[in-house]
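Heads up, the thing below is written out as structure tokens.
The values are calculated or read from the model by the stated rules, or taken from the named source; none is laboratory data. As the structure is a computational prediction, the values presented were derived from the model and not from experiment. Cβ atoms come from the backbone with ideal geometry, glycine included; neighbour counts cover every protein chain shown. These area figures cover heavy atoms from the full protein model, side chains too; ligands, DNA and RNA do not enter into them. Shrake-Rupley method; radii C 1.70, N 1.55, O 1.52, S 1.80 Å.
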Amino acid sequence: MDCILATVPTGGTFWDWVGFLIEEYGLILLKGCGWTILLAVAGTLVGCILGFLCGFIQTIEVISTDSYFKKITVWLLKVISTVYVEVFRGTPMMVQAMVIFYGLPMLGITIDAIPCGFLVVSINTGAYMAESVRGGIDSVDVGQVEAGKAIGLKHFGIMRYIVMPQALRNIMPQVGNQLVINIKDTSVLNVISVSELFFAGKTAASVYYKYFESFFIVAVIYLIMTIVVSKIIRKVEKKMDGNSNYQLEPVAKQEE
């Protein structure tokens, strides 16, 4: 401890303290950055799957000739999907983390902080993505759905081959936006002691009481991560759009 205190820039400038904190807590901050990225990316991927599942459920049609079993099942799934979306869109992620982390042990389910954080990010993302997916599905021309029915495709086939590929491209900006939001919102998981970036910065700040310097470093790291992720998402969107420079192949003339 004495050797650490000897290196403290007593009376140093702002940049002296920034350099000192990076040197002393750089590895801890990098580890926190890694957990932030992992939780945000994995949570967004799982959340998108949940969102697509909820969106798919909401598009299932029930007609009068269907069996009562199908009607009740679809109705029940839609009610569960709606309740899930409303509950997790209507409550803060911080509160969700506290309720799940401290509530599950009361049900006999023990869960560590990081798995709990992953669960919270995933289900929260799924609730928001469900509405984005529904909007993406609605954006697909209804004529294409009718064409799918005309060639004999069932609902699942229409969703898989016609609607979902187009809906995915339409909601890619929302997916990228949600990923950026999740990178920042993982900071609320520090309330259940998840060792993400904000938690690492708070640890460094509490030792030397240099809160401004510590969270300045944290803010810069968050900014770098969100800019890089935004650039990657834009490249993915352009890749999905395909090449804008193309030529139509001439139709070969049939030999007479």
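Observations
- Span-rule helices in the chain, defined as complete DSSP H runs reaching 15 Å or more along the axis (Cα) with Kyte mean at least 0.0: 14-59, 68-89, 113-138, 197-208, 211-241
- Carbon and sulfur %, accessible surface of the chain computed with the full protein complex present, 1.4 Å: 66 percent
- Modelled this way, with points 7 Å down the Cα-to-C-beta line, the labels at V228 and N177 are 2.4 nm from one another.
- Unsatisfied cross-links (Cα-Cα over 20 Å) in the set K71/K154; K31/K184; K184/K239: K184/K239
- Using a Förster distance of 25 Å, the FRET efficiency for L27-S206 (Cβ separation, nearest 0.05): 0.90
- Each principal axis of the Cα cloud of segment 127-236 was evaluated for its coordinate range; sorted largest first, these ranges are 70, 29, 15 Å.
- Set the Cα radius of gyration of segment 46-91 against 2.2 N^0.38 Å, with N its number of residues, and you get 1.28.
- Of F20, F52, F118, the one that fluctuates the most in a GNM where the chain has Cα springs shorter than 10 Å: F20
- Kirkwood's formula applied to the C-alpha pairs of the chain gives a hydrodynamic radius of 21.7 angstrom.
- For segment 68-189, the solvent-accessible area of protein heavy atoms averages 55 Å² per residue (probe radius 1.4 Å; ligands and nucleic acids excluded).
- Between P105, P173, P115, the residue with the greatest mean-square fluctuation in the GNM of the chain (Cα pairs under 10 Å linked by springs) is P105.
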